[in-house]
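Just below is one structure, and these are the notes that go with it.
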Amino acid sequence: MFESIFQSLELFNEFLWAHVAFVLIVGAGLYFSIRSRFFQIRRFGGILRSFIAFFSERVSHGDKGIHPLKTFFAAIGGCIGIGNVVGICTAVQIGGPGALFWTWVGGLFGMLIQYAEVYLGFRYRVPNNSGSYDGGPMYFLPAAYKQRWVAPVVCILLCIYGVEIFMFNVVADSISVNWNLNEYLVVGLLLIAVLVVATGGINRVGEVCSAIIPLFIALYIGMSFWVIFQHLSEVPEMFAMIFRGAFTPQAAVGGFAGSTVMLTLSMGLSRGAYSGDIGVGYTSVIYSEGHSNQFKRQSSLTIIGVFIDTFVICSLSIFVVLLTGHWKTDIDVTLMVQEALGLHFPFMAFFMPFFLFLLGYTTILAYFVVGVKCAKFVSVKWGPRLYYLYAAIALPLFAFVDASQAFLIMSLSGAFLLFFNLTGMMLLRKEVKFGLEEPET
């Protein structure tokens, strides 16, 4: 019975991402790109310089909010994670190499979608009693829809999205299988680690992510480029497969069952949007706590985040599994990158679970604190309590099901969030301003 329910939900999920989400992402992204004269490309150098300048800026003790770089690393901690290493590989395993092309399309347009989402979060944010700010889709969407019920509905969806059952499943499974540890013990300890650290809020999560994420990026890029270098002669054919597969049906080969163009498009967009949190509102909630009043400048940090997430980390993961041929095997997707890297690096069975733990842990934390803020918006007294109860039940429960079923729940909640957010953002489109203010002196 449950199997048939999940099969029906999977078909519904594919329809949402291949039709509704595709129109919304491409439509909104193309609108903002044309209106800003492709700001994400035209001003990328200036955005990068502005990002570097933030490292030398300090937040005074009396300033409201937290340092923009902490919000950046907290946000990117939720983006760069297992979705870039495991989740994105399901796109190619199911949709074939062409799925990566549609991930790039989603990333290019997603840069400005996320920029607009964060900018509106700043515009409508409000001070809170903790010396910071509260913002996000629950604050700007009521202005777009002129309906009060929209905010609590979006908050509930973000609470579901905030309990990252897919990442939790993958981390627990990877550690218990590779290190031969009792799965119940792993699940219990991981659950405690999440609930304890998440009480520190976005500021603490930003500190944790700023210590872990740069190290991961450096190591992963280095290892991936080494694999690419070892298969350099095959790179032209790899890109040919990607562009061919994006527009033509793909026949079965090896363990790959074949795919239609719509399935390829759906897999590429949904996995890319999930790994980069395009249009779900999570990023807006985190960035809204930034202390600076330079809304455009802080919002532009999202372009750096999406670039690293989609065009660097996701692309490298796919390149590695394509060049080594692992995409067309029937190997479990959680082991695909591990096995591919294992052809060139020793001890991956020990190293990769540790890798996935660090990445998954930061992502779970980042999502979790957003969920707490959303639960508090619905009910200051009961919201956080019910949210913690839901997390304490859902995280261990979904740790013992198939990872694809956990991912399906996340994908469906993300699709509904994307629908609410992108429609509302288009209603408020004239309020979004693009540019870069000068750094504060």
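Looking at region 410-428, I want the residues that are more than 13 Å from Pro137 (Cα to Cα) and have a partner that is at pLDDT below 90 and among the small types (Gly, Ala, Ser) with Cβ atoms under 7 Å, at least 6 apart or on another chain. Which pairs are those?
Sorted first by the residue in region 410-428, then by its partner, the pairs are Ser411/Ser270; Gly414/Ala273; Ala415/Ala21.
Exactly one condition in (1) within 26 Å of Phe55 (Cα to Cα); (2) modelled with pLDDT of 90 or more is not met by Tyr282; state its number.
(2)
Filter region 149-178 for residues that are in contact with a Pro (Cβ under 6 Å, 6 or more places away or on another chain) and modelled with pLDDT under 90; which is surrounded by the fewest Cβ atoms within 10 Å (Cβ to Cβ)?
The extreme case among them is Asn178.
Please tell me if Gly342 is among the small types (Gly, Ala, Ser) and over 26 Å from Gly279 (Cβ atoms).
Numbers: among the small types (Gly, Ala, Ser): yes; over 26 Å from Gly279 (Cβ atoms): yes.
For Gly342, the condition - among the small types (Gly, Ala, Ser) and over 26 Å from Gly279 (Cβ atoms) - is met.
I'd like to check something: does region 215-233 contain any residue that is buried (at least 18 other Cβ atoms within 10 Å of the Cβ) and closer than 25 Å to Gly371 by Cβ?
Within region 215-233, one or more residues are buried (at least 18 other Cβ atoms within 10 Å of the Cβ) and closer than 25 Å to Gly371 by Cβ.
Which residue out of Ala394, Ala375, Ala406, Ala415 is modelled with pLDDT of 85 or more, under 29 Å from Phe109 (Cα atoms), of a type outside the set (S, T, N, Q) and in a helix (DSSP H, G or I)?
Ala415
Residues in region 109-129 that are surrounded by fewer than 20 Cβ atoms within 10 Å (Cβ to Cβ) and in contact (Cβ under 8 Å) with a residue 12 or more places away in the chain: how many?
Summing the residues that are surrounded by fewer than 20 Cβ atoms within 10 Å (Cβ to Cβ) and in contact (Cβ under 8 Å) with a residue 12 or more places away in the chain in region 109-129 gives 3.
Does Ile25 qualify as being touching a helix residue (DSSP H, G or I) at 6+ places or on another chain (Cβ under 8 Å) and either closer than 27 Å to Ser288 by Cβ or in contact (Cβ under 8 Å) with a residue 12 or more places away in the chain (or both)?
Answer is yes for this residue.
Here is a check on your reading of the model: is Phe319 among the aromatic types (Phe, Trp, Tyr), touching a strand residue (DSSP E or B) at 6+ places or on another chain (Cβ under 9 Å) and either surrounded by 24 or more Cβ atoms within 10 Å (Cβ to Cβ) or touching a residue at least 24 places away in the same chain (Cβ under 8 Å) (or both)?
No: the conditions fail for Phe319.
What's the number of the only condition in (1) under 13 Å from the mean Cα position of the chain (by Cα); (2) buried (at least 24 other Cβ atoms within 10 Å of the Cβ); (3) part of a helix (DSSP H, G or I) that Val285 fails to meet?
It fails just one condition, (1).
What residue, among those in region 389-405 that are under 20 Å from Tyr282 (Cβ atoms) and surrounded by fewer than 18 Cβ atoms within 10 Å (Cβ to Cβ), is farthest from the chain's Cα centre (by Cα)?
Across region 389-405, the extreme among qualifying residues is Tyr390.
Conditions: (1) loosely packed, with under 14 Cβ neighbours inside 10 Å; (2) in contact (Cβ under 8 Å) with a residue 40 or more places away in the chain; (3) among the charged types (D, E, K, R). Glu237 meets all but one. Number of the miss?
Condition not satisfied by Glu237: (2).
Which pairs turn up if I take residues in region 357-371 that are of a type in the set (Lys, Arg) and look for partners that are at pLDDT below 80 and in a helix (DSSP H, G or I) with beta carbon separation below 7 Å, at least 6 apart in sequence or on another chain?
Short answer, once both residue conditions are applied: none.
Scan region 385-401 and report the pairs whose first residue is without any contact (Cβ under 8 Å) to a residue 40 or more places away in the chain and whose second residue is among the small types (Gly, Ala, Ser) and in a helix (DSSP H, G or I), with Cβ atoms within less than 9 Å and a gap of 6+ or a chain change.
From residues that are without any contact (Cβ under 8 Å) to a residue 40 or more places away in the chain, the pairs are Arg385/Ala375; Leu386/Ala375.
Evaluate region 151-161: report whether one residue or more is within 28 Å of Glu339 (Cβ to Cβ), out of contact with any strand residue (DSSP E or B) (no Cβ under 8 Å at 6 or more places or on another chain) and touching a residue at least 12 places away in the same chain (Cβ under 8 Å).
No, because not a single residue in region 151-161 is within 28 Å of Glu339 (Cβ to Cβ), out of contact with any strand residue (DSSP E or B) (no Cβ under 8 Å at 6 or more places or on another chain) and touching a residue at least 12 places away in the same chain (Cβ under 8 Å).
Every residue, every condition in (1) surrounded by 20 or more Cβ atoms within 10 Å (Cβ to Cβ); (2) within 29 Å of Ser284 (Cβ to Cβ), yes or no:
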position: Gln338; (1), (2): yes, no
position: Ala366; (1), (2): yes, yes
position: Phe407; (1), (2): yes, yes
position: Met426; (1), (2): no, yes
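Could you list, ordered by first residue, the pairs with Cβ atoms under 6 Å in which the first is in region 171-197 and without any contact (Cβ under 8 Å) to a residue 12 or more places away in the chain and within 27 Å of Val370 (Cβ to Cβ) and the second is of a type in the set (Lys, Arg) and surrounded by fewer than 16 Cβ atoms within 10 Å (Cβ to Cβ), at least 6 apart or interchain?
none
Kindly provide the set of residues from region 289-320 that are of a type in the set (Gly, Ala, Ser) and over 20 Å from Ile52 (Cα atoms), ordered by number.
Ser315, Ser317
The values are calculated or read from the model by the stated rules, or taken from the named source; none is laboratory data. These numbers come from a predicted model, not from an experiment. Backbone-built Cβ (ideal geometry, glycine too); neighbour counts: all protein chains shown.
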